[in-house]
Amino acid sequence: MSNPYLYTLVRWLAVGGAIILLMFATYGFLRAMKARRSTAIGYALILPWLLGLVIWQLFPIVASLFLSFTEYDVLTPPRWVGLQNYRDMFTRDPRFWPSVRLTVLYSVISVPLGMLGALATATLLAREVRGVGFWRTLYYVPAVLPAAATALLWRWMFASRGLINSLLMPVYNLLGMEPLSWFSDERLVLPSFIIMSFWGVFGANTVILLAALKNVPKELKEAARVDGASSWTVFWRITVPMISPALLYVMIMGIIGAMQNFTAPLFIKTPGGAGTFLNVYVYQQGFTQFKMGYASAVAWFLMLLIMILTALVWKWSDAYVYYEGEVRNQ
């Protein structure tokens, strides 16, 4: 079949037809096993999702774990090397630990700052003022913009003759210094990415916290003000505890997202000594240098690192997260 598009269409139709036949076969098998009609229909309808879960998620996870103990360059069969990839990762790779440092520091610093910015923005948008619907829509726009276009925009802004250095030129002249090389100076790579992360303040996190703020009972605030509480006391003692579950969700999802930062650093080259984000490093090792086994080992280390940070946040959440109706043992 000479036409590649027609070949792709035929394969797509063949796969879809096979899945439909499997759905009917599943329904018939369950009915033959005396299952209820509603049960058989339910399992038949979720079969495509189950196939996708097994084929595109569970199988790659198990395969990557196996590959992390092998030397695999895609062109030749995997060769078992045991823990060699992990030993090289921890002791011989000069770029690994700088990448870990950059990734962890970026997550630890940018996520709390982003939460504070999102909470401040949501507090302003929670006020009933004229045109608030327009402002809520405007502040959500960053969440729907293409990540690649945003990365290229920030790369231009941080360029030597970009917008940020142009705005800071009076300060440079006053201090008698040269314009900063934001992504060329190892000391400025982390601050540059943290500044870029503020773009994400205006997006999904703001909407989530705005919804949580709108659900805080007004009666509690009014009762506190009647008792003489200040606005800060009302916010800190009533509003924050009531929205603490939403804050916990935003923090956990923020940590996971920050640890997996990929698009922006993929388009922005950083000096070797500063490292790069671990997700980008996995891509570089696997798809640029064809070290799939080593890339799988780094990916599993990244997953364990994310799980550890998430578990720590979750463990400490009992100290500051309040659930309405929860009864705690004293």
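Bear in mind these aren't lab numbers, they're just calculated from the coordinates by the rules spelled out. It should be emphasised that the depicted structure is a prediction, and the values quoted were computed from it without experimental measurement. Neighbour counts run over all protein chains shown; Cβ positions are idealised from the backbone, glycine included.
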When the helices in the chain are scored as -39500 (n - 2.57) per DSSP H run of 4 or longer and the sum is shared across all residues, what 222 nm value do you end up with, to the nearest 500 deg cm²/dmol? -20500 deg cm²/dmol
Computed E for Val62/Thr263 - FRET, C-beta separation, R0 30 angstrom, nearest 0.05: 0.65
Label Arg11 and Asp185 with points 7 Å out from Cα along Cα→Cβ: what is the distance between them in nm? 5.0 nm
Potential lengthening between Leu51 and Thr233 on full extension [0.36 nm per residue; Cα-Cα distance subtracted]: 60.3 nm
So, in nm, how far is label Phe198 from label Trp316 when the simple model puts each one 7 Å beyond its Cα toward the Cβ? 2.4 nm
Phi-based couplings in Hz for segment 21-34 (Karplus 6.51, -1.76, 1.60; Gly and Pro marked x): 4, 5, 5, 5, 5, 4, 4, x, 5, 5, 5, 5, 8, 6
Placing each pseudo-label 7 Å from Cα in the direction of the beta carbon, Ala120 and Leu22 end up separated by a distance in nanometres of 5.1 nm
Treating the beta-carbon of each Lys and Arg as +1 and of each Asp and Glu as -1, no other charges, what is the dipole magnitude of segment 180-237 about its Cα centre, to the nearest 20 debye? 220 debye
How large is log10 I(q)/I(0) at q = 0.12, 0.21, 0.24, 0.25 Å⁻¹ when the Debye formula is applied to the Cα atoms of segment 4-67, each weighted equally and without solvent? -0.45, -0.87, -0.94, -0.96
Add +1 for every Lys or Arg and -1 for every Asp or Glu among the other residues with Cβ under 14 Å from the Cβ of Tyr283, and state the total. +3
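Please work out the FRET efficiency for the pair Glu71 and Asn173, using the Cβ-Cβ distance as r and a Förster radius of 41 Å; give the result to the nearest 0.05.
Values: r = 55 Å, r/R0 = 1.34.
Approximately 0.15, to the nearest 0.05.
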The extension gain from Leu304 to Val129, computed as 0.36 nm times the residue separation minus the Cα-Cα distance, is 58.4 nm
Please list, in chain and number order, the residues 5+ apart from Glu71 or on another chain whose amide H is under 5 Å from its amide H, with Hs placed from the backbone. Arg79, Trp80, Val81
Considering every pair of different Cα atoms, what Kirkwood radius, in Å, is found for the chain? 24.4 Å
Give the Kirkwood hydrodynamic radius (Å, one decimal) of segment 45-189, defined as one over the mean of 1/r across all pairs of different Cα atoms. 21.2 Å
Size descriptor, Kirkwood hydrodynamic radius, that averages inverse alpha-carbon separations across segment 136-220, Å: 15.3 Å
